[in-house]
Amino acid sequence: MEEKKEQKYYYTVTEEQEGQRIDQFLAGELKEQSRSYIQKLIKEGRVLLNERKVKASCRLNADDQILMCIPPLKELEVLPEPMELDIIYEDEDVILINKPKDMVVHPCPGRYSGTLVNGLLAHCKDHLSGINGVLRPGIVHRIDKDTTGVLVVCKTDLAHKSLAEQLKEHSITRRYEAIVYHNFSEESGTVDAPIGRSPVDRKKMAVEYKNGKRAVTHYRVLNHLNHRFNHIECRLETGRTHQIRVHMASIQHPLLGDQIYGPKNGPAGLEGQCLHARVLGFVHPRTGEYMEFEAPLPEYFQKLLEKLQ
């Protein structure tokens, strides 16, 4: 088997480019690589400015010489597994999946099979973005194991970089539906509270005003099911880990079935929180057109709504 070699790129800084940060310059030249990945390569010493290692914040001068070495992608340690994927949409850049309940998105220590990535490797072969590491090819965002619904996966580095930027800018449309405990005093509202790792239990997230990152969730009541539960829609402005689950629990409306942030004695037979990623919308990385996709409510969710009326 032929050994893969690193790719080398040589640049000379022009007068017009003088004053730019080196990471900004390289991100502009290598449009299929993310700025964070370029910063990582700079930190690893794979970028030389005039034959010297530099920091990502280094400012450039005219006629500076830059050498950038991009290492070959590591061979993936996860095997392809043929599986039935509920594909909503697919083209050369992206694939939209309706993820079922109890499916892990990407491999993690102790679980290297049965994940969505295993199925994607079998379906897409070598056509997945390599930006996000060998265990998460194509994965630009994820949803929890027990959350269902629409998820976008990147097949090219161009798509990955574009969608990562849209996520960072909070311009992606993400609407979820959930069943939560207790009636609301208002039909709609916003939770604007930072989320970070819980100082009490490091396996959980929590509203953390000292060390958390800004998190904003807009919600509205879709249906008052009974005196105990409500069917709601949540629109994410940001995308922190467990954001909806943490935010709704923080205002005393934990998700039905969420035994981490809600009551331990959930309904019999319900595994995990009752949360569905219904709508996902973004600007297509190649065409520049806004596209929106929807995943219908899963059967278990519909049956719960009927049962709780």
Condition check for Gly257: part of a loop (DSSP other than H, G, I, E, B) and of a type in the set (Gly, Ala, Ser): yes
Considering residues of the range 139-161 that are touching a Pro at 6+ places or on another chain (Cβ under 9 Å) and open to solvent by 30 Å² or more (accessible area, probe 1.4 Å) only, the residue nearest to Arg228 (Cα to Cα): Lys161
Among the residues of the range 49-70, is there at least one that is outside any helix (DSSP H, G or I), of a type in the set (Val, Ile, Thr) and open to solvent by 40 Å² or more (accessible area, probe 1.4 Å)? no
Output the number of the condition that Leu79 fails; it satisfies all remaining conditions of (1) at pLDDT 95 or above; (2) open to solvent by 90 Å² or more (accessible area, probe 1.4 Å). (1)
Taking the range 266-285 only, how many residues are open to solvent by 20 Å² or more (accessible area, probe 1.4 Å), more than 21 Å from Val221 (Cβ to Cβ) and either at pLDDT 95 or above or in a strand (DSSP E or B) (or both)? 2
The one condition Ser34 fails out of (1) under 25 Å from the mean Cα position of the chain (by Cα); (2) open to solvent by 60 Å² or more (accessible area, probe 1.4 Å) is (2)
Just checking, does the range 220-241 include any residue being open to solvent by less than 10 Å² (accessible area, probe 1.4 Å), at pLDDT 90 or above, over 25 Å from Val94 (Cβ atoms) and hydrophobic (A, V, I, L, M, F, W, C)? yes
Which pairs do you get when a residue that is on the phi > 0 side of the Ramachandran plot, found in the range 94-107, comes within reach of a residue that is open to solvent by 10 Å² or more (accessible area, probe 1.4 Å) and not aromatic (Phe, Trp, Tyr), reach meaning Cβ atoms under 7 angstrom, with the pair 6+ apart or on two chains? Asp102/Lys145; Asp102/Asp146; Asp102/Glu271
Return only the number of the condition from (1) under 24 Å from the mean Cα position of the chain (by Cα); (2) of a type outside the set (A, V, I, L, M); (3) over 25 Å from Asp102 (Cα atoms); (4) at pLDDT below 95 that Gly288 does not satisfy. (4)
Show the residue pairs that are 6+ apart or on different chains and have beta-carbon atoms under 9 Å apart, the first residue being within the range 117-133 and within 25 Å of Glu165 (Cβ to Cβ) and touching a residue at least 60 places away in the same chain (Cβ under 8 Å), the second being in a helix (DSSP H, G or I) and of a type in the set (Lys, Arg). Ile131/Lys161
Across (1) under 27 Å from Gly212 (Cα atoms); (2) open to solvent by less than 40 Å² (accessible area, probe 1.4 Å); (3) modelled with pLDDT of 95 or more; (4) in contact with a Gly (Cβ under 9 Å, 6 or more places away or on another chain), Ala295 clears everything bar (1)
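The values are calculated or read from the model by the stated rules, or taken from the named source; none is laboratory data. What you see is a predicted model, and the numbers here were worked out from it, not measured in a lab. Cβ: placed from backbone, ideal geometry, glycine included. Neighbour counts: every protein chain shown. Heads up: the accessible areas ignore ligands, DNA and RNA and are worked out on the full protein's heavy atoms, side chains in. Shrake-Rupley method; radii C 1.70, N 1.55, O 1.52, S 1.80 Å.
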